[in-house]
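Down below is the structure, laid out as structure tokens.
None of the figures in this text is laboratory data; all of them are computed from the coordinates on show. Every value quoted in this text rests on a predicted model; they were computed, and no experiment measured them. Positions of Cβ are generated from backbone atoms using ideal geometry, with glycine treated the same way; all protein chains shown enter the neighbour counts.
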Amino acid sequence: MRDDKENLIVELTFRFSIAIIEYCERLEADKKYVIARQLLKSGTSIGANTREAQNAESKNDFIHKFKIAAKEADETEYWLLLCRESASYPTCDQLLSDVQSIIRVISKIIATAKSH
């Protein structure tokens, strides 16, 4: 199923992963190791699963990989909400907005794939 033309969700999730890495490096510098590691894992997993979906073996496999990406995005949103609400954490409003946009796009991709 892979198509090497420009792919919006692959690009969005890749850029998001880079931003998550940078934010988690700031958290680690502030000795906020537990949240940094959880956020790093879930935040970069969104892009990894999105990219993996591009090589899906079937439509069901494609949907399954995007459902995993959706779960990881939800988990990432959770960690970012915790960071936002914790006074001693650096601001993450842009990351929170970005992951919410990604969640909406992934949800539409799953719905579209299911309907075809």
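Pulled fully out, how much extra length does the chain show between Glu22 and Gln38, if you take 0.36 nm times their separation in residues and subtract their Cα-Cα distance? All intermediate terms of the calculation are to be shown ahead of the outcome.
Details: separation 16, 0.36 × 16 = 5.76 nm, distance 1.40 nm.
Contour length minus the Cα-Cα distance gives 4.4 nm.
Pick out which of Thr44, Thr91, Thr13 has the largest mean-square fluctuation in a Gaussian network model of the chain, springs linking Cα atoms closer than 10 Å. Maximum fluctuation in the GNM of the chain, among the listed residues, is at Thr91.
Ordered by the count of other Cβ atoms within 10 Å of each Cβ, fewest first, Ile106, Ile20 give Ile106, Ile20.
Here segment 8-115 is treated with +1 on each Lys and Arg Cβ and -1 on each Asp and Glu Cβ, and its dipole about the Cα centre works out to around 260 debye. Result for the chain in a Gaussian network model with C-alpha springs under 10 Å: among Ala48, Ala29, Ala69, the largest mean-square fluctuation is at Ala29.
Hey, what did the chain get for relative contact order, percent, Cα under 8 Å, at least 6 apart? Walk me through the numbers on the way to the answer.
On the way: 124 pairs, mean separation 32.7, N = 116.
Computed over the chain, the figure is 28 percent.
May I ask for the net charge around Leu12, where only other residues with Cβ less than 12 Å from the Cβ of Leu12 are counted and Lys, Arg are +1 while Asp, Glu are -1? Please report the intermediate quantities before stating the final value.
On the way: positive: Arg15, Arg51, Arg104; negative: Glu6, Glu11, Asp98.
Every neighbour counted, the sum reads 0.
What the phi angles of segment 68-73 give under the Karplus curve with 6.51, -1.76 and 1.60, with θ = phi - 60°, is a coupling list of 5, 4, 5, 5, 5, 5 Hz, glycine and proline written as x.
Using the Cβ-Cβ distance between Ser107 and Ser86 with R0 = 22 Å, the FRET efficiency computed as 1/(1 + (r/R0)^6) comes to roughly 0.20. Note on the chain: semi-axes of the ellipsoid equivalent to its C-alpha gyration tensor, largest first and rounded to whole Å, are 28, 13, 11. Work out the charge dipole of the chain with +1 on the Cβ of Lys and Arg and -1 on the Cβ of Asp and Glu about the Cα centre, then indicate which of Ala87, Leu39, Ile106 is farthest towards its positive end. Value: Ile106.
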